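I have placed the structure first, in the form of structure tokens, so that the comments after it can refer back to it.
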Amino acid sequence: MNDAQLIIDNNDNDILPGFRLKRLEVFNWGTFDRRIWSIYPECKNALLTGDIGSGKSTLVDAITTLLVPAQRIAYNKAAGAAASERTLRSYVLGYYKSERSDLIGSAKPVALRDESSYSVILGVFFNASYSQTITLAQIFWIKESHGQPARFFLGIETDLNINEHFANFGSDITALRKKLRSLGADLFDSFPPYSAW
């Protein structure tokens, strides 16, 4: 009986409750440009370290964007920055510096990407209690020369990745939507139904 008790205690300690972040991937998000960047917490606590400007807050803001309604997000809060320093648009276009114009006397942001690109944030979550995996993702693109990017939201009960599932569709967002629906993904045009999912 003591052996059985030890096994139960051991299992209880190994199984962490709820859905936990297994993997985060970003593509064209902030200064993470033109390739897929990933972190692998593997459902455990993780410590994100690096030099100033290395992208720690950018990754924290990616997770925040994935899980929090837009009106509640204060970007770059982890770095203690001013509220207006970063926006969804600045992340999608990859603003990385400002250049001052002698002609107009004001600073203008310089972007890594133009309005023909798209961005993806993807999180894979695992619930050990139910052996259940889900993927949440948001896809962004620029529709207007000013204002915030357009986006759609995705939820699916399997493990997706950016390289295999969010590439090779050209620049046609409708083709990407069709591709993702064929995998069984639920797509949403606003946060409330995505959050409810």
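Beta carbons within 10 angstrom, averaged per residue: use that to sort the peptides 133-139, 54-60, highest first. The partial results should precede the final answer.
Values: 133-139: 20.9, 54-60: 18.3.
Per-residue Cβ counts within 10 Å, averaged per peptide and sorted highest first, yield 133-139, 54-60.
Take peptides 168-179, 29-40 and line them up by average Cβ neighbours within 10 Å, highest first, as a rough protection proxy. Don't jump to the answer; show the numbers that get you there.
Values: 168-179: 13.1, 29-40: 16.8.
Per-residue mean Cβ counts within 10 Å order the peptides as 29-40, 168-179.
For the peptides 17-24, 148-155, 43-50, 64-71, what is the packing order when you average, over each peptide's residues, the other Cβ atoms within 10 Å and list the highest mean first? Please report the intermediate quantities before stating the final value.
Working: 17-24: 16.2, 148-155: 19.0, 43-50: 10.1, 64-71: 14.1.
Ranked from most to least packed, the peptides come out as 148-155, 17-24, 64-71, 43-50.
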(request) Give the carbon-plus-sulfur fraction of the accessible surface of the chain in %, rounded to a whole number; probe 1.4 Å, heavy atoms of protein chains only. (result) 51
(message) If I fit a long axis through the Cα atoms of helix 2-14 and take the longest principal axis of the Cα atoms of the chain, what angle between them do I get, 0 to 90°, rounded to 10?
(response) 10
(request) Treating cross-link reach as a plain straight distance, find the aspartates and glutamates whose alpha-carbon is under 15 Å from the alpha-carbon of residue 108, omitting any fewer than eight places away in the same chain. (result) 85, 99
(request) Please list 96, 118, 130 in order of solvent-accessible area, largest first, computed with a 1.4 Å probe with all protein chains present. (result) 130, 96, 118
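Calculate the dipole size of the chain relative to its Cα centre from +1 charges on Lys and Arg beta carbons and -1 charges on Asp and Glu beta carbons; express the result in debye to the nearest 20.
Details: 21 positive and 21 negative charges, 134 e Å.
Here the chain has a charge dipole of around 640 debye.
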(message) What lysines does residue 44 reach when the alpha-carbon gap must be under 25 Å and sequence neighbours fewer than 8 apart in one chain are set aside?
(response) 22, 56, 77
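Quick one: accessible area per residue over the chain, 1.4 Å probe, rounded to a whole number of Å²? Write out the running numbers ahead of the final one.
Values: 11810 Å² over 197 residues.
Value for the chain: 60 Å² per residue.
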(message) Once the convex hull of the alpha carbons of the chain is built, what does its volume come to per residue, in cubic angstrom?
(response) 151
(request) Of the options 121, 197, 106, report the single residue whose Cα projects farthest towards the positive end of the charge dipole of region 84-197 (beta-carbon charges: Lys, Arg +1; Asp, Glu -1). (result) 106
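The values are calculated or read from the model by the stated rules, or taken from the named source; none is laboratory data. If you're wondering where the values come from, they're calculated on a predicted model, not measured in any experiment. When we count neighbours, we look across all protein chains shown, and the Cβ atoms used for this are built from the backbone with ideal geometry, even at glycine. Ligands, DNA and RNA are excluded from the accessible area calculation, which covers all protein heavy atoms including side chains. Shrake-Rupley method; radii C 1.70, N 1.55, O 1.52, S 1.80 Å.
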